[in-house]
Amino acid sequence: MDSKILVIGSSGQIGTELVLKLREIYGNKNVIASDIRKGNYEVMESGPFEYLDVMNKNEVKEVLEKHEITEVYLMVAILSVIAEQNPLKAWELNMNSLFNILELAKNGYIKRLFWPSSIAVFGPDTPKEMTPQDTVIKPSTVYGISKLAGENWCSYYRNKYGVDVRSIRYPGLISYKTTPGGGTTDYAVEIFYEAIKRKSYTCFLEKDTVLPMMYMDDAINATIGIMQPESLPSYVSYNLGAFSFSPEELAEAIKMKIPQFEISYKPDARQEIAMTWPQSIDDSKARKDWGWEPKVGLEEMVDIMLQGLHFTI
Ligand code: VAH
């Protein structure tokens, strides 16, 4: 049976690029974008779109039946910064959206489901260097708590009801095609816009705050890769890494292209979130189990971002 795919949260940072890549692979009409707000021009023009509130389980069921959906990518979440400001709202959205979809999958409306986790599931007690797949995992942020709970519920539905749900612990994601929203790692995207526009940037993290990051194309390829039928996962959610850097190291890489670029530091509440996360990730299980391999490194990412944002030297 051909894949008919529904992306829920298709207007977000990951969802937007995921829809476009899936349409390239599976055909425009076989990938339905859906969100509570319309997507960008490309998403809206290249294939079907449904206004859909994932918190309304009956509405989701109607869309699944209308389009005879086989696979769902659930990309809806309140990220780390906004979650700290609205803990109960973040918990409700991040968890109840997942419960709605897991229940529909359990009742046979969805054959295979992708749900995004994050390296935010790790906390201050976790080894920070080359954080292993299996280790101390005690998140201290609202977002991390919701993602770890989500991983455990995915595991429960997989083991008890045979739901085929797959997941990845994303690092910070960087792209020029979509702007991020409400994340602690968003500085690594904002800095490029400011470097081009104003040749200067005030960073909300300390200069030596190393975090694991990845270029969006690699994250999209991994997301589609783990959803391939043959990528039978042994873990409910896989560590994924590509490269790590501090704001100071990223600024140095940008200065190689924009010598007059200046960075200053004004840490805020987001520093406390960043301090609880790993600095680098051991993703050897993903590489072994389903052939994960990042393609874009730090220097190449800087080039892609500056060119993508139409910076010409
Ligand atoms: C955030 N971009 O900053 C997300 C991500 C690992 C970070 O989960 O909240």
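The values are calculated or read from the model by the stated rules, or taken from the named source; none is laboratory data. The structure displayed is predicted, hence computed values, not measured ones. All Cβ positions, even for glycine, are placed from backbone atoms using ideal geometry, and neighbour counts span all protein chains on display.
So which pairs qualify, if the first residue must be in region 132-152 and touching a residue at least 12 places away in the same chain (Cβ under 8 Å), the second must be within 11 Å of the ligand (Cβ to nearest atom) and among the aromatic types (F, W, Y), the Cβ gap must be under 7 Å, and the two must be at least 6 apart or on different chains?
From residues that are touching a residue at least 12 places away in the same chain (Cβ under 8 Å), the pairs are I137/F122; P139/F122.
Taking interchain pairs and intrachain pairs at least six residues apart, which have beta carbon atoms under 6 angstrom, with the first residue in region 173-185 and under 15 Å from M301 (Cβ atoms) and the second near the ligand (Cβ under 6 Å from one of its atoms)?
T185/G172
Quickly run through region 112-136 and pick out the residues that are over 22 Å from Q271 (Cβ atoms), in contact with a helix residue (DSSP H, G or I) (Cβ under 8 Å, 6 or more places away or on another chain) and part of a loop (DSSP other than H, G, I, E, B).
Result: Q133, single match.
With the requirement that a residue be within 16 Å of the ligand (Cβ to nearest atom) and in a loop (DSSP other than H, G, I, E, B), what does region 252-295 give you?
P267, D268, M275, T276, W277, P278, Q279, S280, D282, D283, P294
Can you tell me which residues in region 247-278 are surrounded by fewer than 18 Cβ atoms within 10 Å (Cβ to Cβ) and either of a type in the set (F, W, Y) or under 30 Å from T135 (Cα atoms) (or both)?
E248, E249, Y265, P267, D268, A269, Q271, E272, M275
Here's the yes/no breakdown for (1) outside the structural domain of E84 (by TED's automatic domain parsing); (2) crowded, with 22+ Cβ neighbours inside 10 Å; (3) within 16 Å of the ligand (Cβ to nearest atom):
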residue: N159; (1), (2), (3): no, no, no
residue: F204; (1), (2), (3): yes, no, yes
residue: D208; (1), (2), (3): yes, no, no
residue: Q228; (1), (2), (3): no, no, no
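In this structure, does G183 turn out to be under 24 Å from K38 (Cα atoms), buried (at least 17 other Cβ atoms within 10 Å of the Cβ) and either more than 12 Å from the ligand (Cβ to nearest atom) or of a type in the set (G, A, S) (or both)?
For G183, the condition - under 24 Å from K38 (Cα atoms), buried (at least 17 other Cβ atoms within 10 Å of the Cβ) and either more than 12 Å from the ligand (Cβ to nearest atom) or of a type in the set (G, A, S) (or both) - is met.
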